[in-house]
1. Working only within segment 82-98, note down all residues that are crowded, with 18+ Cβ neighbours inside 10 Å and over 14 Å from the mean Cα position of the chain (by Cα).
2. Looking at segment 120-131, which of its residues are part of a loop (DSSP other than H, G, I, E, B) and either of a type in the set (D, E, K, R) or more than 19 Å from Arg64 (Cα to Cα) (or both)?
3. Could you check, for segment 79-89, whether at least one of its residues is under 14 Å from Gln60 (Cα atoms), among the charged types (D, E, K, R) and assigned to a helix (DSSP H, G or I)?
4. Are there any pairs with C-beta distances below 6 angstrom linking a residue in segment 49-60 that is within 11 Å of Gln104 (Cβ to Cβ) to a residue that is modelled with pLDDT under 90 and surrounded by fewer than 14 Cβ atoms within 10 Å (Cβ to Cβ), with the two at least 6 apart or on different chains, and if so which?
5. Which of the residues that make up segment 33-68 are of a type in the set (A, V, I, L, M) and at pLDDT 75 or above?
6. Are any residues in segment 61-78 under 18 Å from Ala129 (Cβ atoms), among the β-branched types (Val, Ile, Thr) and in a loop (DSSP other than H, G, I, E, B), and if so, which ones?
7. Please go through (1) at pLDDT 80 or above; (2) more than 30 Å from Val127 (Cα to Cα); (3) not β-branched (Val, Ile, Thr) for Asn74 and return the number of the only condition it doesn't satisfy.
8. Can you find a residue in segment 99-119 that is exposed (fewer than 15 other Cβ atoms within 10 Å of the Cβ), among the basic types (Lys, Arg) and assigned to a strand (DSSP E or B)?
Amino acid sequence: MSRKKNRTPDSEKESPLPNAFGSLDALSNLPAGPETPLPVKTSQRGQKNTKRGRVDIIRQTSGRGGKGVTIAKNFTGIGLPEKKELMKRMQKACGVGGTVKDGQIEIQGDKRDEVKRILTEAGFQPVFAGG
């Protein structure tokens, strides 16, 4: 058997928390945000950074059942978020999958030319390494 609990209808309940955005109505006279887009990363002299270091591009098939992958490695001076952004751009341009493993970007298939183009646009100096 179940007992019926005395519940009040939702319309009679008061919200337990006050409206967090109620005080923002008084701030309607704030200026708009910047009209120009955020600046691109530049060097100290104001030029676009085109010398971000050498990146090796390798085609590898070992341990993958004969399937080839394109690997970009030896990045210097960039963190994981920027590597993920580069990987997403490469995936979109190549129309394939990819991942970031152990600081290396892996793109499915032999897409060395497309990867080189994207890395060059990002300011790196890509080099085809290996055999």
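1. Residue satisfying the conditions is Cys94 alone.
2. As a first pass, look at segment 120-131 and keep what is part of a loop (DSSP other than H, G, I, E, B): 122-124, 129-131.
Residues satisfying the conditions are Ala122, Gly123, Phe124, Ala129.
3. Restricting attention to segment 79-89, the residues satisfying the condition of being under 14 Å from Gln60 (Cα atoms) are none.
Within segment 79-89, not a single residue is under 14 Å from Gln60 (Cα atoms), among the charged types (D, E, K, R) and assigned to a helix (DSSP H, G or I).
4. Ile58/Gly130
5. Residues of segment 33-68 that are of a type in the set (A, V, I, L, M), as a first pass: 38, 40, 55, 57-58.
Hits for segment 33-68 are Val55, Ile57, Ile58.
6. Scanning segment 61-78 gives Thr61, Thr76.
7. (2)
8. Yes, segment 99-119 has at least one match.
The values are calculated or read from the model by the stated rules, or taken from the named source; none is laboratory data. Note that the structure is predicted; figures quoted are calculated from it, not measured. Heads up, the Cβs are rebuilt from the backbone with ideal geometry, glycines too, and the neighbour counts pull from every protein chain shown.
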